[in-house]
Amino acid sequence: MQFETNARRELRERAEALSTQHAGLQAEAVLASVLRDIYPGRVGLVSSFGTEAAVLLHMVAQIDPYAPVIFLETGKHFPETLDYRETLARELGLCNLQVVSPRPASVAADDPDGDLHARNPDLCCHVRKTLPMLQALRGLSCWITGRKRYQAATRDELALFEAQDRWIKVNPILDWDRDRIADYFRTHDLPRHPLEAQGYPSIGCAPCTSAVREGDDPRAGRWAGSDKTECGIHFENGKLVRKGG
């Protein structure tokens with residue numbers, strides 16, 4: 001059961017007000033406002049370094065290359081993703097890349113054989129992604145995501161600013177589509193994730209990501225064959241955050 005505390009209500013109202021104030025602004029303007037004016041020194045970008053991640057990483061690097069960029073090293077990533085992370089960090093001049101891993105004791109307790117993803121993918125994501133991320137965000141008031149409405153039906157009601165737990169979350173490119181993203185890559189000559197050309201439009205951990213067919217939902221290859229659609233870092237009290245909180 002989710003209780004409507006005063007703090008939760010105030011944070012949700014804050015997110016709704018910020019969405020209204022920033023409505024119609026370009027993504028770069030939203031990011032500049034968040035990084036420089038609203039939450040200076042208290043905001044970070046959580047990035048998967050997936051196929052579209054370079055867009056936001058480039059924008060943030062242009063505004064504040066010392067802003068924290070948080071990467072969740074689950075221990076299950078494709079080697080290509082780890083190489084791509086290093087390439088982007090070097091080429092974009094990311095000065096505060098924070099690689100966050102799950103506690104070894106937690107992995108040993110819940111996934112001693114490394115096969116938890118096959119037995120209980122929700123718990124696997126909780127141990128390897130959600131818990132480490134919550135620790136990484138402890139000193140921040142706001143975090144930036146690259147989620148977009150076009151990616152999946154579960155994301156079609158995204159708000160520009162959301163409230164989740166005790167944080168404000170901002171989705172600066174929520175209304176971008178694949179063509180606009182491709183244009184940004186071309187304009188700024190950004191390197192592509194090496195797996196994208198092999199049919200991976202959305203990339204997570206290797207055991208839970210598969211290639212998709214042309215025209216399929218971009219996230220159809222994530223936990224294919226199951227009803228799981230999100231890893232859990234965008235959930236509050238077990239419920240997917242879709243609007244203001």
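The values are calculated or read from the model by the stated rules, or taken from the named source; none is laboratory data. This is a predicted model, so every value here is computed, not measured. A quick note on method: Cβ atoms are made from the backbone with ideal geometry, for glycine too, and the neighbour counts reach across all protein chains shown. With ligands, DNA and RNA removed, areas are computed over all heavy atoms of the protein, side chains included. Shrake-Rupley method; radii C 1.70, N 1.55, O 1.52, S 1.80 Å.
Quick notes on this one:
Conditions tested, residue by residue: (1) touching a Phe, Trp or Tyr at 6+ places or on another chain (Cβ under 7 Å); (2) of a type in the set (D, E, K, R).
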{"residue": "R36", "(1), (2)": "no, yes"}
{"residue": "V43", "(1), (2)": "yes, no"}
{"residue": "L72", "(1), (2)": "no, no"}
{"residue": "G93", "(1), (2)": "no, no"}
{"residue": "A136", "(1), (2)": "no, no"}
{"residue": "G146", "(1), (2)": "no, no"}
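- Any hit, segment 136-144, residues being aliphatic (A, V, I, L, M), open to solvent by 60 Å² or more (accessible area, probe 1.4 Å), modelled with pLDDT of 95 or more and part of a strand (DSSP E or B): no
- Taken over segment 1-39, the residue count meeting the criterion of being open to solvent by 70 Å² or more (accessible area, probe 1.4 Å) and not small (G, A, S) is 17.
- Test: residue in segment 98-107 that is of a type in the set (V, I, T) and either open to solvent by less than 40 Å² (accessible area, probe 1.4 Å) or more than 21 Å from A136 (Cβ to Cβ) (or both): yes
- Restricting attention to segment 40-50, the residues being surrounded by 22 or more Cβ atoms within 10 Å (Cβ to Cβ) and more than 12 Å from the chain's Cα centre (by Cα) number 1.
- Given (1) over 15 Å from the mean Cα position of the chain (by Cα); (2) surrounded by 13 or more Cβ atoms within 10 Å (Cβ to Cβ), index of the condition E73 fails: (1)
- Among the residues making up segment 29-62, those that are free of Cβ contacts under 8 Å to residues at least 60 places away in the same chain and touching a helix residue (DSSP H, G or I) at 6+ places or on another chain (Cβ under 8 Å) are A32, L35, R36, L57, A61, Q62.
- Residue identified as at pLDDT below 95 and part of a helix (DSSP H, G or I) among A89, A118: A118
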